[in-house]
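Right, one structure below, let's go through it.
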Amino acid sequence: MLSGALGDASESNGGGGSAAAQSSVPAAAAGLTVAARELGKPLRIQGWLWKKGEGHSIGGRRNWKQRFFKLDTNTRNLTYQLNEGSKVLGTISMKGCTLVDVTGGKYEHHFQIHNDSEDRVYNIRTQSAAEYAAWRKVLLKATET
């Protein structure tokens, strides 16, 4: 559990993000990291999460894919990448979003980010209950206006 998730503390839960960057199989790198705030720099929470695709094309699939997520608590932007350090695939502005817990479904530790300004719902899940609680706590704080 993260104590003071938006404070100045640095804490790691699980394997941490650096092991994920070195592994060729991201699924083996469970965990998240919260970097300490340096003077003038934003606090970031980051780690591997599963994101369900949109399936844009005709007959397109909506598969779950593991992505490396980072939340900048100053801008309240949640970005996701193929791997740590690769180009950003997407950005979710958490300002005014709503988090919805998904229960009774196929997967545990599943939540949705409802972004009304983009008229879009992002399906996200974590690997563990501890990661779920940590991400949910920080994302809820980022949605506050």
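Each reported figure results from applying straightforward, stated rules to the coordinates on display, with no laboratory input. Only a predicted model underlies this, so the values are computations on that prediction, with no experimental measurement involved. As a convention, Cβ positions derive from the backbone with ideal geometry for all residues, glycine included, and neighbour counts pool all protein chains shown.
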Next item on the list: Please name whichever of H114, Y132, T143 sits farthest to the positive end of the charge dipole of region 105-145, dipole taken about the Cα centre and charges placed at Cβ: Lys and Arg +1, Asp and Glu -1.
Entry: Y132
Check: When only C-alpha pairs under 8 Å and at least 6 residues apart count, what is the relative contact order of region 44-145, in percent?
Finding: 22
Note to self: At 0.36 nm per residue, and after removing the present C-alpha to C-alpha distance, how many nm does the segment from E144 to S117 gain when stretched out fully?
What the structure shows: 8.2 nm
Notebook entry, point to check: How about region 63-137: which trypsin sites (Lys or Arg not before Pro) there lie in a loop by DSSP and see at most 10 other Cβ atoms within 10 Å?
Noted result: K87, K106
